[in-house]
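Encoded as structure tokens, the structure appears first; notes follow it.
The values are calculated or read from the model by the stated rules, or taken from the named source; none is laboratory data. Just so it is clear, the structure is predicted and the values come from calculations on it, not from any experiment. Cβ placement follows ideal geometry from the backbone for every residue including glycine, while neighbour counts extend to all protein chains displayed. For accessibility, only protein heavy atoms count, side chains too; no ligands or nucleic acids. Shrake-Rupley method; radii C 1.70, N 1.55, O 1.52, S 1.80 Å.
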Protein chains: 2
Amino acid sequence: MKIITISREFGSGGRELGKRLADILGFDYYDREIITAIADKKGLNPDYVERMLENHAWQTVPLTYRHSFTGTAMIHVPHHHTELLSEQTQVLESIAKNGKDCIIVGRNADFILKNYAPLNLFVCADIDSRINRCLERAEQSEQLTPKRVKQKIRTIDKNRARTREIISGSKWGDRSNYNLIVNTTGWEIKNLAPAVAGFITGWFENTK
Amino acid sequence: MKIITISREFGSGGRELGKRLADILGFDYYDREIITAIADKKGLNPDYVERMLENHAWQTVPLTYRHSFTGTAMIHVPHHHTELLSEQTQVLESIAKNGKDCIIVGRNADFILKNYAPLNLFVCADIDSRINRCLERAEQSEQLTPKRVKQKIRTIDKNRARTREIISGSKWGDRSNYNLIVNTTGWEIKNLAPAVAGFITGWFENTK
């Protein structure tokens, strides 16, 4: 079984890259599906689940949290939040146990599924190219300005970095945590996807 | 014409990867040849040239150096050193002007040849795997210990980072400066090279 995880800077095209790779390689694709699965199991609204997992409650969580996940030092952490994190781990584990080749975008799957030896990609791009990508895909009605998009990118990436550090103790986006970092600056994802697929094919052909 | 530059952490196997990619892709390969060319032109010893370019004289160079390369603020920089840097740029430019597909390892070629839009790779690996690679390739007579190798790795990478910053003003190893970062941890380079070659092929096929 082959598992590919994709972590990414907001606006870098990591999600689209994931989808296109899944198409090219014939892999299953998971992204929003994970949130939906958690929400279904818990009888919660998916948007709420996503917000809780990405933006919430970190302020009150001591950095030793990851060492006491099943311990007694959990009083700082809102109950819902730990439940959701634990549910997320279970959903990811069940995807891995499925045994089917798959691509998982986000959710710190690279860390949570590390025992399955996934191929871990990180996708980045320079800030201007990320702003442009966000503006292109935004609805007209949102009336976004480049300045607001930039703020949004910073906020989301800061949350991702913090979530990553709390869950794994290691640094988001640091080259030591990924097998491959792809910079999409200047590329349309559809043109870059075949190159990344070329790498992946070679990677799995030669993995012992 | 296709130019690939390879920057790398010491001991990550970046040089071997470069050679193997050159073989697979049928590209020219430059590495030590650049030092030799500079040494020949200047009538200097190649080892001396390499040492000067990599380890020397940075202490006395103000960080604004890069802005005053042709200016008057050069009194801090040993004469030889600036000559060698300038010669290095010329040698790299002449390689690029050759018009033949090539791979260049080191020498900040990604920055110096940026107008030629090279594909810039950075090769890294975790510290243990780099120590092991260094020990494996060291001669028995060197009697290296892991501790000494680790010190050597730290020193060389520190010099590389500093040299990069002085020449380009941008950070060595930072994902924003490269198109692709490959982590070789756990891999024999000969098994990983086909995957990277797969990426490169896709990259150049789809470059506008």
*Between Rg and the Kirkwood Rh of the range B:1-52, both from Cα atoms, what is the Rg to Rh ratio?*
1.04
_If I ignore ligands, DNA and RNA and count only protein heavy atoms, how much of A:LYS100 is accessible to a 1.4 Å probe, in Å² to the nearest 10?_
110
_How far apart, in nanometres, would the label points at A:ALA117 and B:ARG32 be if each is projected 7 angstrom from Cα along the Cα-to-Cβ direction?_
3.4
*Given a Förster distance of 41 angstrom, what is the FRET efficiency for A:ARG51 paired with B:THR185, based on the Cβ-Cβ distance and rounded to 0.05?*
0.70
*Given a Förster radius of 30 Å and the C-beta distance between A:LEU144 and B:LYS171 as r, what FRET efficiency does 1/(1 + (r/R0)^6) yield to the nearest 0.05?*
0.50
*Of A:ARG164, A:ARG15, A:ARG154, which has the largest mean-square fluctuation in a 10 Å C-alpha GNM of chain A?*
A:ARG154
*asked:* For a protection proxy built on the mean count of beta-carbon atoms within 10 angstrom, sort B:193-205, B:26-38 highest first, please.
replied: B:193-205, B:26-38
*Work out, in µm²/s and without decimals, the Stokes-Einstein translational diffusion coefficient of chain A at 25 °C, 0.890 mPa s, Rh from Kirkwood over C-alpha pairs.*
137
*In terms of the Cα gyration tensor, with a ≥ b ≥ c the square roots of its eigenvalues, is the range B:120-182 rounded because a/c is under 1.5, prolate because a/b exceeds b/c, or oblate?*
prolate
*Measure of size requested: the Rg and Dmax of the protein assembly as shown, with Cα atoms as the atom set and Å as the unit; please supply both.*
23.5, 77
*Number of partner chain Cβ atoms within 10 Å, mean per residue of A:179-189*: 5
_Label-point separation, B:GLU205 to A:ILE127 (7 Å along Cα→Cβ), nm_ = 3.6
*Which one of B:ALA39, A:PHE122, A:THR82 is farthest out on the positive end of the charge dipole of the protein assembly as shown, using unit charges on Cβ (Lys, Arg +1; Asp, Glu -1) and the Cα centre as origin?*
A:THR82
_Give the average, rounded to an integer, of partner chain Cβ atoms located within 10 angstrom of each Cβ in B:38-46._
0
_Over the range A:98-204: Kirkwood hydrodynamic radius from C-alpha pairwise inverse distances, Å_ = 15.8
